[in-house]
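A short worksheet on the structure shown next.
Where a number appears in this text, it was derived from the coordinates with a stated rule and is not lab data. All values reported here derive from a predicted model rather than from experimental measurement. Cβ atoms come from the backbone with ideal geometry, glycine included; neighbour counts cover every protein chain shown.
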Amino acid sequence: MMWSWIPSNGAQIWQYTQDHILLGVLSPLIGLAISLPLGIAAARWRWFYPPVLTIVNVLYAIPALALFVALIPSLGLSDTNVIVALTLYSLCIIVPNVVAGLRAVPEPVRQAATAMGYGALRRLVFVELPLAVPVIIGGLRVAMVSSISLASIAQLIGVYSLGYFFIDGEQRAFPTEIYVALVLIIALALACDLVLVGVRRALTPWVARS
Amino acid sequence: MAVHSLDLEVPAGKTVVLVGPSGCGKTTSLRMINRLVEPTSGRILLDGEDVRAANPARLRRGIGYVIQQTGLFPHRTVEDNIATVPLLNGWGRDKARGRARELLKLVGLDRALAKRYPYQLSGGQQQRVGVARALAADPPVLLMDEPFSAVDPLIRASLQDTLIALQSELHKTIVLVTHDIEEAIKVGDLVALFRPEGRLAQVGTPEELLGAPVDDYVAGFVGFDRGIRRLSFFSAAGLDLNAGPVLAADATVAKAQATGEPWILVVGDGKPRGWVPAERLAAMSGDTPLGQVRADGFGHTFPVAGGSLRAALDAAVISPAGQAIGVDEDGRVVGVATFDQLKAAIQAADRAGRTADEPGARP
């Protein structure tokens, strides 16, 4: 471990950290935006869920490198390529959570909302989705952490992230780089997770806490 | 679940209770009124209008709905839960919350609960919030589906009392579903008893069901002690009371013996202290004040004004002297009644009930 490497390469470390955040954090957020309508539709029309689930599971089964390469003809060697791939992966985690969250809304609550005079759309927006928030954010947390971890292999197709230091450190037999990147990725994942926990708490003051 | 050829008229401003075993269709019948269930045939008229002609959401905002599991919105505070329908109707938030606070008071809850979430309330409190929410937009009709079945008996009794008190003030048209015949008899102006297969067995006042069940099914459902329970509908006001055995604590043993009564009720400041049997006085000096004689308990009393013969009979059964102690509003003894006097009063009330044109008048 060569500590002096860190300050002398501060700018580069910071740059790749930012690149990493862009890939690892943006992807699951886009994934959430896509999962919400998919999950809502799947919760509402039961027949729609099995095909959706099959597709997102198959996508998740494609090895990351293969998916990056498969996207090169259309998206090239770009950030977009990686973001699309990571977004597709996140669907497999977030969509089932949206469905589970909506299905977990207690039937008496749904029935009471209907009987109070809520139409289907208002009930979804003002009753069902707010109640599904804890489960949806639970899924987003897993997707976010896995996406932040996965973003490092973008380096294999030349898209910069903290993964650069793994490859560079291995090629130069210089483990310091590898350790630093590893710690940063873990710290990044933990920090994002904490933010999401904070968001969930802020959105759900109504959940019983022990 | 299915309901067959149900023909039931719910009088405006009255409480009608649908009661019957599980699966008899009483809940289905209730849900047809606000169109949570659509009937396959027939019509449901609300104020003369077919409910199926109305927009469902708008129809429902004019019908309060209370269910067993409360169905409170876990993510909303108590006041916002109560304000649900006013907010849907486009009221401003402040006005709706003001209304919610009024309702909290009406259903007997502390205003301090307004900002709490449902998980912070007891089951009984949640159910009160459910009732408040149903009343928030002041709907003329209230549907209640087993509203008090999930709470313990003491809380249930207090919720039933609250409902009766509210109804005497608000005069809503209430349809309440329960499987508990006691509850039906207690809160209902009319009781509609269902058979298991979803047909009506009998509709009548609680007193009619207890006093004149149409068949064995109804008699069985209202229970073997229906005769005693029916006494709840007979006022104790007509009961003859004796003041003879009632003596103050400063009266003497000699005075007690002079009454010739087998039991003396000793009172202090007008309130009952206990029963003393005549034989306990036999060996005592005549000038001893009764207050110094050991007295047995007196069980409980019944209110002469507003009490029922059932309460009086119960007081007599539990008393060591076999006599019921009637008290006024302040708990002061008015007089006592023996079993013979109770029997005479019950028979008189029964004759009056059978000959009256309108046997349903509630005491």
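Gap in Å between the Cα centre of the stretch A:142-210 and the Cα centre of the stretch B:145-166? Taking the Cα centre of each part, the stretch B:145-166 and the stretch A:142-210 sit 55 Å apart. Secondary structure note: in the stretch B:237-348, about 70% of the DSSP beta bridges are antiparallel. Global dimensions of the stretch B:237-348 from alpha-carbon coordinates: Rg and Dmax equal 13.6, 43 Å. Taking θ as phi - 60° and the Karplus parameters 6.51, -1.76 and 1.60, the scalar couplings of the stretch A:130-136 work out to x, 6, 8, 3, x, 6, 5 Hz in sequence order, x denoting glycine and proline.
Taking every C-alpha pair closer than 8 Å and separated by at least 6 residues, the mean separation divided by the residue count of the stretch B:15-233 gives a relative contact order of 29 percent. Remark on chain B: Rg and Dmax equal 25.5, 85 Å (Cα only). Its Cα gyration tensor gives the protein assembly as shown an equivalent ellipsoid. The semi-axes, each the square root of 5 times an eigenvalue, are 72, 32, 18 Å from largest down. The H on the amide N of B:W263, modeled in the peptide plane, is under 5 Å from the matching H of B:A278, each at least 5 residues off or on a different chain. Take every DSSP beta bridge whose two residues both sit in the stretch B:15-233; close to 25 percent of them are antiparallel. Max-minus-min Cα coordinates of the stretch B:1-148 on each principal axis give 48, 33, 27 Å, with the largest extent listed first. Taking the alpha-carbon centroid of each part, what is the distance from the stretch A:83-140 to the stretch B:267-339 in angstrom? Between the Cα centre of the stretch A:83-140 and that of the stretch B:267-339, the gap is 65 Å.
Of interest is the spacing of the C-alpha centroids, which for the stretch B:247-266 and the stretch B:82-115 amounts to 58 Å. When the Cα positions of A:I30, A:P50, A:N9 are compared along the charge dipole of chain A, A:P50 comes out farthest toward the positive end, with charges on each C-beta of Lys, Arg, Asp and Glu.
The charge dipole of the protein assembly as shown, taken about the Cα centre with unit charges on the Cβ atoms of Lys, Arg (+1) and Asp, Glu (-1), comes to about 1300 debye, rounded to the nearest 20.
Relative to the longest principal axis of the Cα atoms of chain B, the long axis of helix B:153-170 makes an angle of roughly 70 degrees.
Taking the fewest neighbouring Cβ atoms within 10 Å as the starting point, the ordered list for B:D225, B:D189 is B:D225, B:D189.
Most exposed first by the Cβ proxy, i.e. fewest other Cβ within 10 Å, how do A:M1, B:M284 rank? With the sparsest Cβ surroundings first, the list reads A:M1, B:M284. Computing FRET efficiency as 1/(1 + (r/R0)^6) for B:D180 and B:K95, where r is the C-beta to C-beta distance and R0 is 30 Å, gives about 0.20.
Only Cα pairs under 8 Å and 6+ residues apart enter the sum, and on that basis the relative contact order of chain A stands at 28 percent. Computed over the stretch A:32-155, the alpha-carbon pair-distance distribution with 10 angstrom bins reads 13, 37, 28, 14, 6, 1, each value a whole percent.
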